Amino acid sequence: MQNLKKLKGDASHRKFFRKKYNGLNSIVILAEKDKFKNLLVYDAISKILNKNKILAPKLYQENYKNKNIEVEDFGNETIFKTLKKSKKNKLLYFKDIIKLLNQIQSIKDKKIKNFQNKYYRIPEYKNKILIQEANLFCEWYAKKNLSKNKRQNFNKMFKKIIKNLVSCLKMKNDTFVHRDFHISNLMLIDNRIGVIDSQDALIGNRAYDLASLVDDVRLKTSKILKKKIFNSYIKNQKKFNKKKIKNDFEILSILRNLKIIGIFTRLAIRDKKKDYLKLIPYTWDLISLRINQNEIFLDLKKLLKDNFKKDL
């Protein structure tokens, strides 16, 4: 006997169903758009994680022709849900997550055979991609909130400043980057942490996933806790220059959160997913927090203040 129950979706175009069959659970992922990334790449990255002893959903069967795969069910207990209801010190959870991040960042595999028996190689997180992502802020948020005349000037200045900030990154693109490494994508399974939603992984800057975790737009944390999580990560980085990590962390946090404001606005306008709009004010708070910590952000701060004074 089997049945399918539709689950709450995420920000993507995928649909998720819990399948119950003979007392066992699995998850069916349906991707009517971009099935290569959402099914084939998703499984390839999960295989790399599992190969490196990191919990990721294993493939049970693929029906690529019909745009779906069936994978292991990790349940419903995200770390986000756990932290919301737990009275335990949040830092203890984050210390475990930092250990997991270190494990992920030690992955050397860059290619693996996918379920079509072809090699998938993880692409590099090139500066061009970082710039394109930050420009989503212009394409959606600025377009919605600025007049046409103001917008043309803003976009020109914004793109110039972002290009300059990206050129100020100091660390190499040599690390496995999950790219959405936050507590809603980390699952608690029998006292271990499982990783989901890994299809966007690239080889990039080690500070990126740290910025995703510390400056997570979905969970409000104090400045003190943010600093403790950051320091917990730094303690384990014997080989790396701490000033360089801090510099790149701040730049990537701001770039990522500008991208997120653009994406959340796009989700509301294009996909009618308006729930994400309520996260934008806190995303601005995170940009404000980082923009005051380094003089390389002076031009960006002025530009944003001149055009989005009520937000920043």
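Observations on the structure shown:
- The charge dipole of the chain, taken about the Cα centre with unit charges on the Cβ atoms of Lys, Arg (+1) and Asp, Glu (-1), comes to about 560 debye, rounded to the nearest 20.
- Think of the range 254-310 as a dipole: +1 on every Lys or Arg Cβ, -1 on every Asp or Glu Cβ, centred on the Cα centre; then among PRO281, LEU298, LEU255, PRO281 lies furthest on the positive end.
- P(r) tail fraction, the range 1-79 - alpha-carbon pairs more than 15 Å apart, %: 58
- Full-extension gain in nm, ASN292 to ASP10, via 0.36 nm per residue minus C-alpha separation: 98.3 nm
- Peptides ranked, highest mean first, by Cβ atoms within 10 Å: ranges 278-291, 255-268: 255-268, 278-291
- Taken along its three principal axes, the alpha carbon spread of the range 217-301 comes to 46, 28, 21 Å, from the longest extent down to the shortest.
- Spatial separation of Cα centroids for the range 29-50 and the range 158-209, in angstrom: 17
- Bridging of LYS310 to aspartates and glutamates at a Cα separation below 20 Å is possible for GLU139, ASP285, ASP299, once same-chain residues fewer than 8 apart are set aside.
- Reported to the nearest whole Å, the Cα centre-to-centre distance from the range 222-253 to the range 79-101 is 18.
- Near GLU124, the amide H atoms lying under 5 Å from its own belong to ILE203; only residues 5 or more places off or on other chains count, and H is placed 1.01 Å from N.
- Gyration tensor (alpha-carbon) shape descriptor, the range 44-110, a/c threshold 1.5: oblate
- Long-range Cα-Cα pairs in the range 163-261 (distance over 19 Å), rounded percent: 44
- Beta bridge orientation in the chain: antiparallel %, DSSP, nearest 5: 95
- Within the shell of other residues whose beta carbon sits under 15 angstrom from the beta carbon of ARG290, the net charge comes to 0, with Lys and Arg scored +1 and Asp and Glu -1.
- Span-rule helices in the chain, defined as complete DSSP H runs reaching 24 Å or more along the axis (Cα) with Kyte mean at least -1.0: 242-269
- Label point 7 Å beyond Cα of LYS110 along Cβ direction - residues of the range 119-163 with amide nitrogen under 11 Å: 121-125
- Rg/Rh for the chain (Cα atoms only, Rh after Kirkwood) is 0.96.
- Each of TYR125, ILE97, ASN76 was placed along the dipole of the range 63-142 (beta-carbon charges, centred on the mean Cα), and the one lying farthest toward the positive end is ILE97.
- Gyration tensor verdict on the range 1-132 (Cα atoms; rounded if a/c is under 1.5, prolate if a/b is larger than b/c, oblate otherwise): oblate
- Computed from the C-alpha gyration tensor, the three semi-axes of the ellipsoid equivalent to the range 69-188 are 33, 23, 17 Å, from longest to shortest.
- Calculated FRET value between ILE234 and LYS160, using beta carbons and R₀ = 41 Å, to 0.05: 0.80
Throughout, read-outs are computed from the coordinates displayed, never taken from laboratory work. What you see is a predicted model; the values in this text were computed from it and never measured. Cβ sites come from the backbone with ideal geometry, for glycine too, and all protein chains shown count toward neighbours.
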